[in-house]
1. Residue 533 versus residue 18, label points 7 Å from Cα toward the beta carbon: distance in nm?
2. Can you work out the FRET efficiency for the pair residue 612 and residue 509, with r the C-beta to C-beta distance and R0 = 30 Å, to the nearest 0.05?
3. Alpha carbon centre of the range 381-413 versus the range 885-933: separation in Å?
4. Of 897/1067; 264/897; 778/841, which pairs sit farther than 31 Å apart, going by alpha carbon to alpha carbon?
5. Provide the percentage of antiparallel DSSP beta bridges, counting only those with both residues in the chain; round to the nearest 5.
6. Efficiency by 1/(1 + (r/R0)^6): what FRET value for residue 145 and residue 926, r their Cβ-Cβ distance, R0 = 56 Å, to the nearest 0.05?
7. What residues from the range 89-121 fall in the zone where the backbone N is under 18 Å from a label point 7 Å along the Cα-to-C-beta line of residue 778?
8. Strictly greater than 18 Å: what percent of every Cα pair in the range 1036-1077 meets that?
Amino acid sequence: PIYALNPNTGDSIWASPLVDTSYVVRGFSSNNCYNYDTVNIIVHPEFTPIISPKDSICFGDSTLIIAGGGITYLWSPATSLSVDNNDSVIASPLADENYLVKVYDAFGCMDSIDVDITVLALPNVQINPSPTWICINDTTSLIASGALTYAWNTSPTINTLIGDSVNVFPIIPTSYIVEGTDSLGCINNDTSLVSIRQLPNVVLSANDTTICYGDSTTLFANGAYTYSWWPNNSISDTVGNSVICTTLDTITYYIEGIDTNLCKNTDTLEIIVNPLPILSISSSDSLFCSNHLVTLTGHSNFSSTIMTWGDGTIAQSVSDNPANDTTYTMIGENIYGCIDSTDLFIQVNPFPQLNISTIDTVICYNDTAHLVSSSPLSNINYLWSNGQTSPNITVHPLNNSTYTLIATDSIGCSDTITAFVRVQPIVPLNIIALDTHICIGDTIDISSITGFPVVTYNWNTGSTISTISEWPEHDTTYYLTVVDSIGCINHDSVDILVNDLPNLSAFAVPQTICIGDTSALSVIATSNPLSFLWSTGENAQNINVTPITTTTYTVSATDSIGCVGESNTIVFVNDLPIISIDPNPAKICIGDNITLSLNSNINISTYNWSNNSSQNTINVSPITISSYSITATDINGCINDAQRLVTVFENPILNITPSIDTICTDDSIQLFATYNHPFQSIIWSNGATIVDPFVSPMTFQQYSAIYTDDKGCKGYDTSNIFVNLRPTCTLVSESPICSSDSSKIDYFGNASLNAITNWNFGSAHVLSGAGIQTHYLKWDNSGVYDITLDITENGCTSYPDTTQITVYQNPEPTIFSLDTNTCDSLPVQFEGMPNGMAYYKWNFGDPLAMGSDTSNLQNPIYIYLVPGSFSVSLNVISNEGCPGSTVVNSMLNVWPKPTADFFVNRPVSHYDNPEIDFVDRSAGAVDWEWDFGDPNSGGLNYSTDQYPFHTFLDRGYYRVLQTVINEHSCTDTTSRIVEIDNSPGFYVPTGFSPNGDGVNDVFIPIGEDFIQETYEIIIYERWGSIVYTSTVYANHWDGNHYLTGKELYPAVFTYIIRYNDKYNVHKIITGNVTLLR
């Protein structure tokens, strides 16, 4: 039947029957005889593949895809599948993916079906703020976002476990975890660490807590980040860590400090203000001449005021000799150390205040100087040291001189001033020339010599340097004027005599010659020279020369005084014409023409060839060897000869014979050339230049050649070549592939379906393909494999082509861990094999991690925050891109940790009562271990009781450590600080009676176990003034003022004692002591 056939004629057809069918073919010979044959085609029943997927998953999850309807299955892409050749596979895509499965039935028939898997993004669960902190005893809110519902980790310091907003109040740093689920059921989590901040230790201090009226002091706050001050009067600012206090009265300041964590604390400080002294100055007089003695006396309302004058003198009275109006300042310091000052103005009558302005302080020898004086006062009497009495005088010193002037005003005040006049001597000058007689054109150097440094040189030539070079044309006098540094001048001159040169005239007869001719040279002189010298070396007046080129001859003559004159003449020399005969071509074959041309370096006036031609070029056609000559005369009348021999050769005979006359495309044949003359060259129509070339024509081609023998003569021949088409062959393959994949091999070329194919598949399994159709191949093992094909058609065989397929083995990962039984919040070390994979993807099976329980490290560490049994999976991709995966179910058992916590009944206790009880508040513990941080107590430093007590042996700070253990050997620790102290550390009496009876005459605080170098005591009277202070522990107060030594009246005084205990902790003790007499 012809249905389902395409075409229905020819030796090859495509058949597409829908049922079992028998096809009959009838074939005809060239004689129109025919015969029959029959083929039966069995059509297997159609089948339909099926697939049952889950259409969407959350990121990081896997889904099971099941296919049916066939016998074998092949899935793609295989990189995110557990296997690629089962009816069911586990897909773990990281992004939206389309999976295609090829389903084969029992007859090898194939159909395909695909499924789309949508990967849903995990909710972006976030806790705000994260992380955060609070101060001790504060509460903060944590708000979760990014999901639909929320579940928080269990904690006794959280107000609820569900909802997007919770309040937390931890007493230790605590991590809070929230798990959020979106509307699609995808889960993710986030963690926020809430840290605990201590209150700042705010300390208020000052440069000086006692100041004087009108003074200021700087207050400093430490221990926090920002500060607020009050009251706000008399301070420079209400914020900042330091302010300037300018209070006029005693006042107490308060400070609130906030640290960088916004935790707050406060402190106070009192500033005491003392009064200033009231000062004045009296003087012995108030009107003086300059430098008159005056006595000044200071006065104060405090009897013991320390008075300091402007020059640093400390006394009640001082004396001075002021030269000008002067203001005197006195500074007074009272018993409180407060300082004030006062001034007194003294008017001083000035001196005449003389000044001399001289016209010239430095003059040249024999010059005069003008001395001019001035004074701001009138009615001045003047007296010069030379006896003159006018304010301005003129002097004429011959040497350096000093002049003194005394001026006296109307009230008798006088002044004295001097003026100095320096006299500069004349500059010595001498001009020197090496020779004062020269010839015209010579150069002479003229130099100057001076005895003093010179500032300027002025020659009559205009030059301004010390040495000049000149070339005068006639007798000349040179003048020089020099000026020194202060303007003093001197002069000098020199005469130079100039002589004329001899006058010469040289000539040649004749002046123009040809090469080989002679010319006579002569010289005429207008004076009587002593000697001649030619450039040829001859010294006669007349000479003969025979130059071969144009030459200039020079003659010089020297007269009786050594002056030299010169003259020259030129002899022009013409070359003989250089001629040659140029043939074109140089050699000829029989029947050729040749052109003979005269070649000359100069214009030729007449030509005379051996064939009687008078032209510069002749054409000849000799049939045998012939000689031609020419005689030429140039335009200068010079004559020369040339000749040329012309050679004539016979032409060769050429024959071309191919090795074969019919080939396939890309084949080569050799063309053979034979000839009867010695070989010179050959040129083929394809450009080849060898005798027997190989050619590879792609279509019919006629080849020709021109042969040239060793004489340059040529022969010619042709040959025809016929060409059949060779099939082409190119293989394209999918490579590299993984061992679980197959490779597709495609043929590309010009061969028909009737061509004969020769495949070499090696060890590959052929899944499908025939002839030049597409083939699918698969290999059992990894390696590098070659597939080769060549094709024959119309008697021509293609060149074989080879494609190389690289097959990489799919990796088989394994998982290992030593920590298969562990506690929550402890790191678990995992090891993955094999090494060197390009991609590792772990899933630690922690559902509360909400997608963050993954890692891309080969050997990761993961911390399980909650207890349970966990399965772990590992997916790997090799460096070649081949995937592999494994899962270990219930690999880990994670046990819950206990929670350590305890209470100290007295965290700060006095040394007299050092026994401390500890109350356990832990959860989930079965064993307890205590370390009291008191190693001096020996074995009593440790306890395993749940509710222990400990007696500390010494004062100090102790860190008590609690470790709790549950039934799975999981542990937790916490610690508290305990202080054992016996402050104040001093015994301070409440009174004493310094009356000299030997009983309680001094105030003696008694301390122990402290650092004496840190000791300081300050005692104040009730108005805030300091009456006693010391930093030496051995010193004691005797009831007197520490500055004046005066006895103080009976009263109640306030003391402050500062010291560091033996642990270097700073302590302050305050109290009152009563002084009795």
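Bear in mind that the values in this text are calculations on the coordinates, not laboratory data. Note that the structure is a prediction, hence the values are computed from the model and not measured. As a convention, Cβ positions derive from the backbone with ideal geometry for all residues, glycine included, and neighbour counts pool all protein chains shown.
1. 13.1
2. Between residue 612 and residue 509 the formula returns 0.15.
3. Their Cα centres are 108 Å away from one another.
4. Details: 897/1067 42 Å; 264/897 35 Å; 778/841 28 Å.
Over 31 Å apart, Cα to Cα: 897/1067; 264/897.
5. 90
6. After rounding, the FRET efficiency stands at 0.85.
7. 89-90, 100-113
8. Details: 369 of 861 pairs.
The proportion of pairs with Cα distances above 18 Å equals 43 percent.
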